[in-house]
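The values are calculated or read from the model by the stated rules, or taken from the named source; none is laboratory data. Only a predicted model underlies this, so the values are computations on that prediction, with no experimental measurement involved. Cβ: placed from backbone, ideal geometry, glycine included. Neighbour counts: every protein chain shown. Side chains are part of the model used for accessible areas, which takes the heavy atoms of the whole protein and leaves out ligands, DNA and RNA. Shrake-Rupley method; radii C 1.70, N 1.55, O 1.52, S 1.80 Å.
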Amino acid sequence: MARKFFGTDGVRGTANIYPMTAEMALRIGAAVGRYFRNDGTNQHRVVIGKDTRLSGYMFENALTAGLTSTGMNVFLLGPVPTPAVGLLTTSMRADLGVMISASHNPADDNGIKFFGPDGFKLSDEVELELEKLIESGVEPAQAQNIGRAQRIDDGRFRYIERVKSSLPRDLPLRGVKVVIDCANGAAYRAAPEALWELGAEVITVGVVPNGYNINENCGSTNTRTAQETVVAHGADVGICLDGDADRVMIIDEKGRVADGDQIMGLLASQWAEQGRLKGGALVATVMSNLGLERFLEGRGLRLERTAVGDRYVVESMRKGGFNLGGEQSGHIVMTDYATTGDGLMAGLQFLAAMVETGKKASELAQVFETVPQMLKNVRYGAGQTPLDAASVKTAIADAEAALVGQGRLLIRKSGTEPLVRVMAECEDAQLLERTVDSVVDAVQAAVA
């Protein structure tokens with residue numbers, strides 16, 4: 001059954017345009033409240049966090065109304081990183097965690113992500129059940145069973161303590177100069193505070209949110225300001241988070257960017273040497289570079305690939321007993337410490353590697369040679385299905401045939417935006433560009 005509302009990471013879209021309207025948030029809140037409050041009592045809890053988007057206030061209120069109408073008691077955390085919601089869902093013995101965020105998307109977008117009582121994101125099966133309830137509607141609770149709502153003032157501090165505990169106490173960051181770019185998002189207070197408390201000299205970027213500037217010319221998807229700041233201040237390293245702080249990019253002291261693949265490669269090799277890497281494998285998606293796979297194989301380690309989406313990575317990790325995984329985009333999942341991607345914790349692990357080895361960031365941030373990779377996106381309109389067009393299918397088949405034995409091609413629809421993503425890897429740069437462009441041209445013609 002195809003999902004109507006949920007994408008790869010919750011429900012997402014432009015604020016005040018269906019399905020991201022206050023009315024739909026009310027229905028969604030009631031549906032998830034009814035699903036998780038399944039024993040008729042009014043002892044159930046839900047924690048709600050958000051990033052710094054202006055529309056977060058609207059969705060926070062609408063979700064609270066829907067949830068309390070079914071008898072759920074709501075605890076409002078205010079602006080906190082997504083991984084903080086996963087943490088506090090379990091810490092507060094809640095039945096449900098909700099994060100209001102569109103992650104790395106522009107400020108006009110917003111989204112709603114859910115965590116189950118175990119602190120992990122919901123499965124496809126649960127989301128399908130929720131979709132049925134959203135469409136059918138639910139009966140509200142009796143008047144005497146309506147839930148309550150209250151603000152929790154120390155959620156950020158609880159998260160900071162958990163983050164700090166992921167770094168060994170004998171690894172102080174004194175003398176390490178760190179640029180932290182918070183993307184004017186959810187970690188704009190938590191990340192600098194955690195780094196400062198650990199002893200680092202902290203230089204901040206993207207810590208003045210105004211409701212509109214989240215991810216704007218800053219953060220993990222736009223690292224230029226952080227790169228310039230690292231070089232200008234002679235910093236040892238830069239840590240760039242996205243709007244909800246579940247992604248990270250690392251900037252070395254020369255201003256060069258290391259993506260999620262490079263970070264995972266470093267951590268996997270180091271953890272394996274230290275006997276910390278469970279299962280002898282790293283879990284990553286089909287988007288991760290072939291160079292990462294070769295790097296791991298050269299060290300007797302495996303790369304377990306999944307569909308795109310950090311929750312699919314986590315599902316594979318839990319099923320296989322692995323403790324390290326993530327995405328090229330910067331989601332780094334370390335289940336020894338967190339239930340979902342945590343950009344700040346991943347950044348601390350990189351800092352730990354610097355302190356332990358005494359090496360500069362530039363010596364650790366590029367652990368393998370990447371196979372040339374090209375990714376292009378084609379936007380499509382509402383109701384369009386370009387991948388079903390015969391001309392597109394033919395173009396894809398021809399491109400795959402051209403890459404046989406030399407590379408690979410991946411075509412997929414984004415789960416968070418109306419985009420067709422065309423990605424290929426190949427040592428032959430001309431062949432790489434030719435095959436990607438042939439598919440892109442076909443998709444563009446199909447949506448014209």
If you take the residues of the stretch 214-250 that are over 19 Å from the mean Cα position of the chain (by Cα) and touching a residue at least 60 places away in the same chain (Cβ under 8 Å), which of them is most open to solvent (accessible area, probe 1.4 Å)?
-> D236
Kindly indicate whether T394 is open to solvent by less than 50 Å² (accessible area, probe 1.4 Å), in contact (Cβ under 8 Å) with a residue 24 or more places away in the chain, farther than 23 Å from P106 by Cα and in a helix (DSSP H, G or I).
-> no
Residue count for the stretch 83-110, restricted to those that are among the acidic types (D, E) and not in a loop (DSSP other than H, G, I, E, B) | 1
Unique match (being open to solvent by less than 20 Å² (accessible area, probe 1.4 Å), under 27 Å from T90 (Cα atoms) and out of contact with any Leu (no Cβ under 7 Å at 6 or more places or on another chain)) among G326, G255, G291 = G326
Among the residues of the stretch 293-305, is any among the hydrophobic types (A, V, I, L, M, F, W, C) and assigned to a helix (DSSP H, G or I)?
-> yes
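Determine if the stretch 111-124 includes at least one residue that is small (G, A, S) and surrounded by 22 or more Cβ atoms within 10 Å (Cβ to Cβ).
Within the stretch 111-124, one or more residues are small (G, A, S) and surrounded by 22 or more Cβ atoms within 10 Å (Cβ to Cβ).
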Residue ID - nearest to the chain's Cα centre (by Cα), chosen from residues in the stretch 134-151 that are farther than 13 Å from T68 by Cα and in a helix (DSSP H, G or I) | I134
Pick out the one residue from T52, T89 that is open to solvent by less than 10 Å² (accessible area, probe 1.4 Å), in contact with a Pro (Cβ under 8 Å, 6 or more places away or on another chain) and within 23 Å of G330 (Cβ to Cβ).
-> T89
Sort out which residues of the stretch 263-288 are open to solvent by less than 10 Å² (accessible area, probe 1.4 Å) and either within 18 Å of the chain's Cα centre (by Cα) or within 23 Å of Q227 (Cα to Cα) (or both), and write them in order of number.
-> I263, M264, G265, L266, L267, L282, V283, A284, T285, S288
Test for G275: is it closer than 19 Å to F322 by Cα, without any contact (Cβ under 8 Å) to a residue 12 or more places away in the chain and among the small types (G, A, S) | yes
Check the stretch 427-447 and report whether any residue there is under 22 Å from M287 (Cβ atoms) and part of a loop (DSSP other than H, G, I, E, B).
-> yes
Looking at A186, A141, which one is open to solvent by less than 40 Å² (accessible area, probe 1.4 Å), within 19 Å of L63 (Cα to Cα), touching an Asp or Glu at 6+ places or on another chain (Cβ under 7 Å) and not β-branched (V, I, T)?
-> A186
Index of the failed condition, L419 passing every other in (1) at negative phi; (2) open to solvent by 70 Å² or more (accessible area, probe 1.4 Å); (3) of a type outside the set (K, R) = (2)
